[in-house]
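No lab work stands behind these numbers, since they all come straight from the coordinates. In this text the structure is predicted, and so the values were computed from the model without any measurement. Cβ sites come from the backbone with ideal geometry, for glycine too, and all protein chains shown count toward neighbours.
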Amino acid sequence: MYDSDIIVIGAGPAGLSAAIRARRVRTYNLLSSSVMIISNSSPGGLADWTKVRMTGDGWSYEKGEVIRRLMADVEDYSIPVKRERALKVVKNDGKFTVITDRGEYTSLAVVVATGMRMTWNEGEHFGEGLFGTLKGYRFMEDYFKSLCEKERGKTIVFVGTGEMDKTVDFFEEINQGRMKVKKVLDTGKNIRGYKDGVVVTDEGEVTADHTLIDFESYMLSTYTGDIIDCDKDEHNFIKAEKRGKVFDGLFAAGDITGTPFSLAKAVGGGTTAGLESYRYVYREKFGKKAPVFAFYPIHHQGSATYFDIPKLKDDYRPKLLVKPITKEGKIIFRECELDENEFNNKLLGLCDGNHTLKQIRSELGDIDPTIERLIHAKDLTLEV
Ligand SMILES: Cc1cc2nc3c(=O)[nH]c(=O)nc-3n(C[C@H](O)[C@H](O)[C@H](O)COP(=O)(O)OP(=O)(O)OC[C@H]3O[C@@H](n4cnc5c(N)ncnc54)[C@H](O)[C@@H]3O)c2cc1C
């Protein structure tokens with residue numbers, strides 16, 4: 001038994017894309033998987049702070065829009081989002097355990113999409129006293145020059161990793177004592193958020209007139225991959241193969257896989273890691289390939305694979321993936337509905353991922369037609 005087929009850590013564009021693609025399979029007769037997202041802050045990641053461009057101005061989104069669109073699917077497919085911080089991921093006997101600041105969750109696969117730094121509530125303040133090293137040092141030089149002149153006597157706090165002195169030294173050369181400088185070392189464990197002119201950390205509040213998030217330092221040394229022991233590059237970013245695989249069952253996508261740091265790469269990498277984690281889990285559960293038609297060819301063994309849902313074996317544990325609503329004597333799911341009666345109510349109550357088909361059959365008798373209907377409607381999965 002485990003909590004979810006797939007656990008996605010991080011709810012930026014990479015994590016949300018991965019979760020949606022792992023859950024939302026549309027191929028005829030293909031079984032959905034259970035997916036859970038773990039995110040330390042409300043969904044959005046870095047892509048929620050300003051207007052963002054996918055490729056250029058022709059394909060861009062106003063602040064908040066990308067995440068609103070992704071969250072519409074997350075909600076439509078009832079993908080649970082746990083507001084927790086993942087502390088460690090370990091694999092034992094083919095199963096992963098994700099240890100968080102609130103508890104532990106188990107799964108068959110994990111997608112790590114933790115970005116280059118933890119985000120909190122920066123989106124609410126970005127551009128208003130809160131800024132970041134953006135557009136390169138030539139731009140930053142001009143920005144620092146005008147800031148030091150305009151804000152003489154005021155305080156600036158730099159937030160970054162152990163590499164932030166490179167930017168702080170650069171600032172000090174321009175500053176020449178005009179602004180007071182403070183530093184907050186982000187260890188990945190100590191920051192709790194921002195309010196007007198205040199960085200909230202576990203050690204207390206750091207007050208300043210301006211806060212500068214030193215992205216340069218995060219790009220030089222991230223901590224967000226520390227939750228898992230695996231191959232990393234010289235800047236501590238996770239080394240993933242082209243389809244997002246890190247090792248069996250572990251996938252990574254988006255900024256945590258290193259340069260380039262981009263929205264399009266995060267969405268593309270998340271989509272790939274989501275589909276690949278789905279295929280991995282399917283193989284683990286049923287011992288055969290899931291031909292996710294249109295994304296992968298189905299002639300992989302010479303002739304087309306004729307595909308049907310798995311035989312309903314006694315030891316499979318059905319799990320409902322959505323919470324239906326009841327209305328006028330009907331139990332309504334995304335794409336199918338059942339009559340509201342004692343049998344269906346009991347059956348749905350037992351489809352919790354804990355009871356086996358055998359146990360439910362012994363209590364209720366012939367449940368297979370209803371189970372199959374829910375599988376075809378992508379509202380139920382079989383855990384193993
Ligand atoms: C101001 C700004 C403007 C940008 N503009 C553009 C643009 O126009 N075009 C473009 O292509 N790119 C742009 N980017 C970059 C783009 O936003 C990122 O490349 C993209 O958001 C990366 O997505 P991600 O999902 O990999 O990571 P993120 O968006 O960083 O999301 C990762 C999430 O995982 C969470 N997390 C981390 N560790 C844990 C943990 N242990 N447990 C739980 N959750 C965790 C983080 O808090 C975060 O919310 C911009 C970035 C910024 C800051």
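Is segment 218-343 best put as rounded, prolate or oblate by its Cα gyration tensor, with a ≥ b ≥ c the root eigenvalues, rounded for a/c under 1.5, and otherwise prolate when a/b is larger than b/c, oblate when not?
Values: a/c = 2.46, a/b = 1.70, b/c = 1.45.
Note, shape of segment 218-343 comes out prolate.
Please work out the FRET efficiency for the pair R283 and K239, using the Cβ-Cβ distance as r and a Förster radius of 22 Å; give the result to the nearest 0.05.
Numbers: r = 23 Å, r/R0 = 1.03.
Efficiency for this residue pair is about 0.45.
Add -39500 (n - 2.57) for each DSSP H run of 4 or more in the chain, then divide by its residues: what number comes out at 222 nm, to the nearest 500 deg cm²/dmol? All intermediate terms of the calculation are to be shown ahead of the outcome.
Details: 9 runs with 104 residues, N = 384.
Mean residue ellipticity at 222 nm (helix-derived): -8500 deg cm²/dmol.
As a test, work out the antiparallel percent of DSSP beta bridges whose residues both lie in the chain, rounded to the nearest 5. Write down the numbers at each step before the final one.
On the way: 35 of 64 bridges.
Antiparallel bridges: around 55 percent, rounded to the nearest 5.
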**Request:** Would you mind telling me the antiparallel percentage of the DSSP bridges in segment 1-128, rounded to 5?
**Result:** 50
**Fill in**
Out of I20, I156, I38, a Gaussian network model of the chain with alpha-carbon springs under 10 Å gives the largest mean-square fluctuation to I156
**Message:** Between R317, R26, R178, where does the largest GNM mean-square fluctuation fall for the chain, given springs only between Cα atoms within less than 10 Å?
**Reply:** R178
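Rounded to the nearest 20 Debye, what is the dipole magnitude of the chain about its Cα centre when Lys and Arg each give +1 and Asp and Glu each give -1 at the C-beta?
660
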**Request:** Using only Cα atoms, find the angle between the long axis of helix 65-76 and the longest principal axis of the chain, and express it within 0 to 90 degrees, rounded to the nearest 10.
**Result:** 20
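Tell me the relative contact order for segment 219-271 as a rounded percent, counting alpha carbon contacts under 8 Å between residues six or more apart.
Numbers: 64 pairs, mean separation 13.8, N = 53.
Reported as a whole number, the value is 26 percent.
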**Prompt:** Between the DSSP loop rule and a limit of at most 15 other Cβ atoms within 10 Å, which trypsin sites (Lys or Arg not before Pro) in segment 66-141 are left?
**Reply:** R83, R102, K135
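Which of rounded, prolate or oblate describes segment 46-200 when judged by the alpha-carbon gyration tensor and an a/c cut-off of 1.5?
Prolate, since a/c reaches 1.5 and a/b exceeds b/c.
Only four residue types carry charge here, +1 at the Cβ of Lys and Arg and -1 at the Cβ of Asp and Glu. Report the dipole size of segment 130-216 about the Cα centre in Debye, rounded to the nearest 20. Mind dumping the intermediate values first?
Working: 14 positive and 17 negative charges, 49 e Å.
For this selection, approximately 240 debye.
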**Item:** Gaussian network model of the chain, springs between alpha carbon atoms under 10 Å - residue of D57, D73, D186 with greatest fluctuation
**Value:** D57
**Complete:** Residue by residue through segment 21-32, the couplings from Karplus 6.51 cos²θ - 1.76 cosθ + 1.60 with θ = phi - 60°, in Hz, x for Gly and Pro, are 5, 6, 9, 8, 9, 10, 4, 4, 6, 9, 8, 6
**Request:** Return P(r) of the chain (all Cα-Cα pairs; 10 Å bins starting at 0; whole %; ordered from short to long distances).
**Result:** 5, 22, 28, 22, 13, 7, 3, 1, 0
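Which peptide among 8-16, 225-233 comes first, and what is the full order, when sorted by highest mean count of other Cβ atoms within 10 Å? Working shown, then result.
Values: 8-16: 32.7, 225-233: 17.0.
Packing order, densest peptide first, comes out as 8-16, 225-233.
With the contact rule set at Cα under 8 Å and sequence spacing of 6 or more, what percent relative contact order holds for the chain?
Numbers: 780 pairs, mean separation 75.3, N = 384.
The value is 20 percent.
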**Message:** Give the lysines whose C-alpha is closer than 30 Å to that of K311, dropping any in the same chain fewer than 8 places away, or say none.
**Reply:** K91, K95, K245, K285, K288, K289, K319, K323, K330, K346, K358, K378
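Based on the alpha-carbon gyration tensor of segment 148-235 and its eigenvalue square roots a ≥ b ≥ c, which shape applies: rounded if a/c is under 1.5, prolate if not and a/b is larger than b/c, or oblate? Intermediate results must be reported in sequence, preceding the final value.
Numbers: a/c = 3.48, a/b = 1.58, b/c = 2.21.
Note, shape of segment 148-235 comes out oblate.
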**Average Cα contact separation per residue, segment 130-216, under 8 Å, 6 or more apart, as relative contact order %** = 41
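Taking loop as defined by DSSP and a crowding limit of 16 other beta carbons within 10 Å, which GluC sites (Glu not before Pro) in segment 91-152 fit? Intermediate values should be presented prior to the final figure.
Values: sites: E104, E122, E124, E128, E141, E149, E151; in loops: E128, E151.
Sparse-neighbourhood loop GluC sites (Glu not before Pro): E128, E151.
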